[in-house]
Amino acid sequence: MPKDTVHIAALIVAAGRGTRAGGAIPKQYQNLGGMPLLARTLGVFLQHEKVASVTVVIGEDDEALARAAVPGGVAQVVGADSRARSVAAGLAALPEDATHVLIHDGARPLVSKTLISRVISALEQSPGAAPALAVTDALWRAGDGVVQAVQPRDGLWRAQTPQGFELAAIRAAHAAFQGTAADDVEVALAAGLGVALVTGEERNLKVTHPEDFTRAERILKEDQMAIRVGNGFDVHRFGAGDHVVLCGVTVPHGRGLQGHSDADVGMHAVTDAIYGALAEGDIGQHFPPSDPQWKGAASEIFLKHSVELADTWGFALGNVDLTLICERPKIGPHAPAMRAEMARIMGCELGCVSVKATTSERLGFTGREEGIAAMATVVLVPK
């Protein structure tokens with residue numbers, strides 16, 4: 001799908017009654033972590049940079065509840081008496097320029113931006129894509145309270161949402177489908193659409209019973225406590241030149257730093273620290289030095305990408321601590337400007353960024369003024 005013509009719409013299905021969850025109101029409007037469950041679900045899609053629009057399908061009698069739970073910017077459409085018909089109503093209400101749709105259960109509030117991104121990426125190669133988890137437990141067939149047979153689990157998967165499709169294809173599939181369907185993959189398969197399988201997430205549970213609220217609350221509390229820590233280290237040697245670029249700031253010097261990009265050793269160390277905190281490799285994996293398009297590139301490109309990737313994972317920058325190791329140039333006079341530039345690029349407060357320097361007491365390659373080294377520590381916190 002050409003990126004300049006793509007409009008990915010999210011369709012959140014929340015028209016059911018959810019009676020198995022108990023409570024005086026439908027489960028999607030009950031409280032989860034201080035806000036309506038449905039509002040939490042919608043928020044994840046509203047925050048995803050590749051989702052252009054969000055539409056929610058609500059129950060016929062739920063307009064008042066929806067007013068309190070549905071954030072601004074989310075279109076609403078009234079559903080029908082079955083899931084398939086509710087989805088069809090939602091598909092018909094999507095923006096005219098929508099090209100793809102992500103259909104998601106409103107009762108799955110813990111879906112991550114990472115999982116959404118995986119489904120979107122799979123749609124680049126397939127008309128449909130859906131997340132699932134392999135079945136690992138033994139399976140039995142039973143009747144009248146007695147185990148009757150063992151069901152082989154090979155090739156069996158537990159379906160999840162969001163399930164993504166080319167919009168025109170899934171609209172046609174729903175129009176042709178007869179009867180009831182457990183989900184939209186069933187509808188797609190009946191129409192002969194290919195559906196790519198992507199790895200789901202255990203945390204992406206569907207709130208169905210009262211105990212599921214307890215489990216979801218526990219996961220939310222764990223998220224609030226979870227942090228990621230990464231470290232980065234980089235070295236660039238001196239060569240010809242009359243300045244160096246450190247943390248995006250041009251510093252006059254009798255020699256320049258050598259590298260495939262602009263050789264900003266400080267920014268490279270911080271970028272690698274962010275990638276490390278996410279277990280996403282290093283700069284060379286995302287921006288290979290063998291690719292000529294990155295020759296002489298501004299390191300701001302790399303740093304912004306790492307911050308955007310952290311955001312996709314659901315993390316914000318807690319703080320950055322960077323140490324530049326060199327005899328010269330002197331870093332102290334330029335450190336305030338470096339901090340300000342790094343904070344600007346990363347979109348964080350100045351107080352979250354530390355830039356300092358030390359020498360190696362004339363020892364080693366930095367002591368011989370053959371180059372500059374940098375090491376960085378980064379803390380990422382849940383958003």
Original post:
How far is it, in nm, from the label point at A68 to the one at K383 when both lie 7 Å from their Cα along the line to the Cβ?
Top reply: 2.8 nm
Original post:
Given the Cα-Cα distance of T358 and E222 and 0.36 nm per residue of separation, how much length would full extension add, in nm?
Top reply: 45.2 nm
**OP:** Compute the Cα gyration tensor for the range 248-328, then decide on rounded, prolate or oblate, letting a ≥ b ≥ c be the square roots of its eigenvalues: rounded whenever a/c is under 1.5, prolate when a/b is larger than b/c in the other cases, and oblate in all that remain.
**Re:** oblate
Original post:
Is the range 117-202 best put as rounded, prolate or oblate by its Cα gyration tensor, with a ≥ b ≥ c the root eigenvalues, rounded for a/c under 1.5, and otherwise prolate when a/b is larger than b/c, oblate when not?
Top reply: oblate
Original post:
To the nearest 10 degrees, how steep is helix 265-277 against the longest Cα principal axis of the chain, on a 0 to 90 scale?
Top reply: 30 degrees
Original post:
In the calculated pair distance distribution of the range 284-383, what percentage of Cα-Cα distances lie above 16 Å?
Top reply: 65 percent
Subject >> Separation between Cα centres of the range 35-93 and the range 219-248, rounded to whole Å >> reply: 39 Å
Subject >> Prolate/oblate/rounded label for the range 16-89 (Cα gyration tensor, a/c 1.5) >> reply: oblate
**OP:** Would you calculate the separation in nanometres between label points at N231 and N319, each defined as 7 Å from the Cα along the Cα-to-beta-carbon direction?
**Re:** 1.7 nm
**OP:** Could you please rank M225, M346, M35, M267, placing first whichever residue has the fewest other Cβ atoms within 10 Å of its Cβ?
**Re:** M225, M35, M346, M267
Original post:
Considering the zone a paramagnetic label at A134 would reach in this model (a point 7 Å from Cα along the Cα-to-Cβ line), which residues of the range 253-292 have amide N under 20 Å from it?
Top reply: none
Original post:
Using the count of nearby Cβ atoms within 10 Å as a rough guide to exposure, how do F302, F238 rank from fewest to most?
Top reply: F238, F302
**OP:** Considering only DSSP beta bridges where both residues belong to the range 3-225, give the percentage that are antiparallel (nearest 5).
**Re:** 45 percent
Original post:
Which label marks the calculated value of P(r) over Cα pairs in 20 Å bins from 0, in percent, given the options (1) 29, 53, 17, 1; (2) 24, 44, 25, 6, 0; (3) 23, 44, 29, 3?
Top reply: (2)
Subject >> Fewest-first sequence of K50, K330, K113, K27 by Cβ atoms within 10 Å of each Cβ >> reply: K330, K50, K113, K27
**OP:** Taking 7 Å along the Cα-to-C-beta vector as the label spot, tell me the E349-H209 distance in nanometres, rounded to one decimal.
**Re:** 4.4 nm
Original post:
To the nearest 500 deg cm²/dmol, what mean residue ellipticity at 222 nm is calculated for the chain from DSSP H runs of n ≥ 4 alone, each contributing -39,500 (n - 2.57), summed and divided by the residues?
Top reply: -9000 deg cm²/dmol
**OP:** Using R₀ = 35 Å, calculate the FRET efficiency as 1/(1 + (r/R₀)^6) where r is the Cβ-Cβ separation of E308 and A191; round to 0.05.
**Re:** 0.50
Original post:
Length gain on complete extension for the stretch Q151 to A172, per 0.36 nm per residue less the alpha carbon to alpha carbon distance?
Top reply: 4.1 nm
**OP:** Would you please give the FRET efficiency between S121 and K330, computed as 1/(1 + (r/R0)^6) with r the Cβ-Cβ distance and R0 = 45 Å, to the nearest 0.05?
**Re:** 0.50
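No value in this document is a laboratory result; all are computed from the given coordinates. Please read all numbers here as calculations on a predicted model, not as lab measurements. Ideal geometry is used to build each Cβ from the backbone, glycine not excepted, and the neighbour counts take in all protein chains shown.
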